[in-house]
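Coordinate-derived values only; no laboratory data. Keep in mind that this is a model prediction, so the values were computed, not measured. Please note: Cβ atoms are built from the backbone with ideal geometry, for glycine as well, and neighbour counts cover all protein chains shown.
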Amino acid sequence: MEYIRLLYSVLLLAIAGLAQTPAREPKPELPTQSPVPLLQNVFHRHTISLNGDWHTIIDSHDTGAGRRYYLNANPATSSGVVEYDFSASPTLRVPGDWNSQRPELLLYEGTVWYENSFSYHPSANTRTFFYAGAANYRAHVWVNGESLCEHEGGFTPFNCDATSLLKEGENFVVISVNDTRHSDDIPSLAPDWWNYGGLTRDVMLVEVPQTFIEDYSVQLERGSTGRIAGWVRLSGAAAAQESASQKTAARKITITIRIPELKISQEASADANGTAHFAFDAPKVQLWSPENPKLYGIEIASEADSVSDEIGFRSIEVRGLDILLNGKPVFLRGITMHEEAPNRPGRAHGDDDARVLLGWAKDLGCNFVRLAHYPYDEHMTRMADRMGLLVWSEIPVWQAIDWTNPKVLEKAKQQLTEMITRDRNRGSIILWSVTNESRATPERNAFTHELVTTARALDATRLITAATNQFKHPDQHSIVVDDPLIADLDVFGLNEYVGWYSGTAADLDNFSFTTPYNKPMIVSEFGGEAKAGTHGAASQRWTEEYQEEIYKHQLAALRKVPFLRGIAPWVLKDFRSPHRQLPGVQDGYNRKGLVSETGVRKKAFFVLQQFYRETAAQNTVGNK
Ligand code: GCU
């Protein structure tokens, strides 16, 4: 009897359980992918640009996800209450920050929803990736109402495999972009630059075969100037190999690397993970340098895929206190920049902005630019390759960061990996920087040590650096640069503002810079503020004459520093900063530029230009 009663109650429970399941289970939400490994060199692949005017919704209370804006519903045809309509909503241009496109968005920090509808025709045996050059700061991408992927970090690209979500005919992409600042972000709460939000760089679809060339590195072999080495990694290969090995064990995927101008054609076999390594002599290769920015057309092909690129071959290393470019000591005549457009407000992007900004650096007589404080648009680093400017590239581990939070370290490593992966084939880039002006605490040292280790593991061909303002200033006339971080670096950057934040320009006349480290130094920042067109005595702050005075004394003092191997004064152009509020002078701009935000060259511009002319002519290195 007992047994029957038990059976009956189990039956009852089962029926009850069934009763609760709604009739039609909503299709399980696809797990949101995190972006897949970066596709190397999307510019030379088969792409469909999604740049242009995107419909937008300003979601200041961040309720759009709850309201399912990603479904892009049409109020006219949808059942129930729909309180948005992208098709009738105002647009914002992509690429572009939202702050400079509408006056009411200048100070806006929060979420903006972007929608773009387009027709698409998937090809057979093809995978299609969604790619964004950058979205500041955190982005969530939906395709045809389905969640695709999320990305955090405002200055590096990401791509996600959208093959299964795209369909024949009409499609739409919805992206929520949020740039609210948090203490555990990178950068953190109060960077000295404008928090430009939005889809700030190119957005596109990238089509590749099922097994495709995912990433590659083609550089001079470390320490050589006549041998090229590297690797090519296929994606999707493992599957192919497996099926191949079942059928014909011996078959391996062959990769071909061709440099037609050098009559080089090399083959290499991909291993089980789809990676092929190669090394070969290239005795006739012309080395890339600022004086001769020689780029070679490269063609990489696998059975199903091929990618071409333009690559400059140069070697970069440190020997004692010297930085050697192609085996010869080089002095870095530089300028530091922010990625702001040259002749209009807002973030710079694309070839034209890059050409103008780097053109100004060239006019100064530079052979080097420090791209502060975050990775710039790929158009910029490729333009540096073409125009012949050596590059310092940096991740925005700027001043105060939540050093003890392991999640924050992961974010920094992710940004470092994305920066190095995207630009590993750019000959112009010689320095990866892991931090700027962070206080020398044990937590910071441990954090940056991890970053340096990560950078070296990702790229053994370039130099690792950082910009420090951690020094002793025992008196008005001396600086001792002893930040423990330097022990980890190949080259160190010093940010010092003698004549502006401390002391006077004249203090520099008998000034000593020393360091316990036997390493080359770049003065990665010095300078002072001046409002273009404001003139007065050289002792009068905010005038062009005061800024000019700082430059004259700084340059005279620095050329005497025995371990100095480069300078990159702060900064090429006045830039927007929420920290700079002196009315009638700063008005929201950091005025340390040598050029004003409207392109006016200040007196100090010509002081630096003259110094670089002399330095280049004498090819002097420090005071050697
Ligand atoms: C710092 C910092 C910059 C800042 C500059 C300044 O050194 O690295 O990001 O803008 O000083 O104070 O102008």
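Listing for the model above:
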{"read-out": "Total formal charge among the other residues, if their Cβ is under 14 angstrom from that of Ala88, Lys/Arg +1 and Asp/Glu -1", "value": "-4"}
{"read-out": "Mean Cβ count within 10 Å, highest first, over the residues of peptides 422-429, 523-530, 311-318", "value": "523-530, 422-429, 311-318"}
{"read-out": "Simple spin-label estimate for Lys167 and Glu410 in nanometres, 7 Å along Cα-Cβ", "value": "3.4 nm"}
{"read-out": "Cβ-placed point charges (K, R +1; D, E -1), dipole of the chain about Cα centre in debye, nearest 20", "value": "1400 debye"}
{"read-out": "Residues with amide H under 5 Å from that of Ser478, placed H, sequence gap 5 or more", "value": "Ser512"}
{"read-out": "Proximal aspartates and glutamates to Lys602, defined as alpha-carbon separation beneath 20 angstrom and excluding residues fewer than eight positions away on the same chain", "value": "Glu339, Glu340, Asp363, Glu525, Glu529, Glu544, Glu545, Glu548, Glu549, Asp574, Asp587, Glu614"}
{"read-out": "Protection proxy ranking, peptides 600-611, 52-63, average beta carbon neighbours within 10 Å, highest first", "value": "600-611, 52-63"}
{"read-out": "Over the chain: helical MRE at 222 nm, DSSP H runs n ≥ 4 each giving -39500 (n - 2.57), nearest 500", "value": "-6500 deg cm²/dmol"}
{"read-out": "Cα gyration tensor, the range 92-221 - rounded (a/c under 1.5), prolate or oblate", "value": "oblate"}
{"read-out": "FRET E, pair Val585, Ser502, Förster distance 22 Å, beta-carbon r, rounded to 0.05", "value": "0.65"}
{"read-out": "Contour excess over end-to-end distance, with Cα ends at Glu291 and Asn125 and 0.36 nm allotted per residue", "value": "55.3 nm"}
{"read-out": "Cα-based shape type of the range 298-446, given that a ≥ b ≥ c are square roots of the gyration tensor eigenvalues and the cut on a/c is 1.5", "value": "rounded"}
{"read-out": "Two-decimal ratio, the range 502-562, of alpha-carbon radius of gyration to 2.2 N^0.38 Å", "value": "1.27"}
{"read-out": "The chain - Cys residues lacking any other Cys C-beta under 4.7 Å", "value": "Cys366"}
{"read-out": "Per residue convex hull volume, Cα atoms of the range 119-170, in Å³", "value": "76 Å³"}
{"read-out": "Full-stretch length increase - Asn518, Asp184 - with 0.36 nm per residue and alpha-carbon distance subtracted", "value": "116.8 nm"}
{"read-out": "Largest to smallest principal axis extent of the C-alpha atoms in the range 414-531, angstrom", "value": "44, 35, 24"}
{"read-out": "The chain: angle of helix 350-364 to the longest principal axis, Cα-based, in degrees nearest 10", "value": "10 degrees"}
{"read-out": "Rounded FRET efficiency, nearest 0.05, which uses the C-beta distance separating Lys328 from His449 and R0 of 22 Å", "value": "0.10"}
{"read-out": "Computed over the range 492-624, the ratio Rg/Rh where both radii use C-alpha atoms and Rh is Kirkwood", "value": "0.98"}
{"read-out": "Which listed pairs, of Lys294/Lys362; Lys552/Lys603; Lys294/Lys519; Lys284/Lys328; Lys552/Lys592, have C-alpha distances above 22 Å, in listed order", "value": "Lys294/Lys519"}
{"read-out": "Value of relative contact order over the chain, rounded to a whole percent, pairs C-alpha under 8 Å and six or more apart", "value": "11 percent"}
{"read-out": "Cβ-based exposure ranking for Ser188, Ser119, in which fewest neighbours within 10 Å come first", "value": "Ser119, Ser188"}
{"read-out": "Label-point separation in nm, Ala616 to His46, each point 7 Å along Cα→Cβ", "value": "4.4 nm"}
{"read-out": "Percentage relative contact order, the range 66-186, counting C-alpha pairs under 8 Å, at least six apart", "value": "29 percent"}
{"read-out": "Simple label model, 7 Å out from Cα along Cβ direction - Arg319 to Gln609, nm", "value": "3.6 nm"}
{"read-out": "Evaluated over the chain, the Cα radius of gyration and Dmax, each in Å", "value": "27.3, 108"}
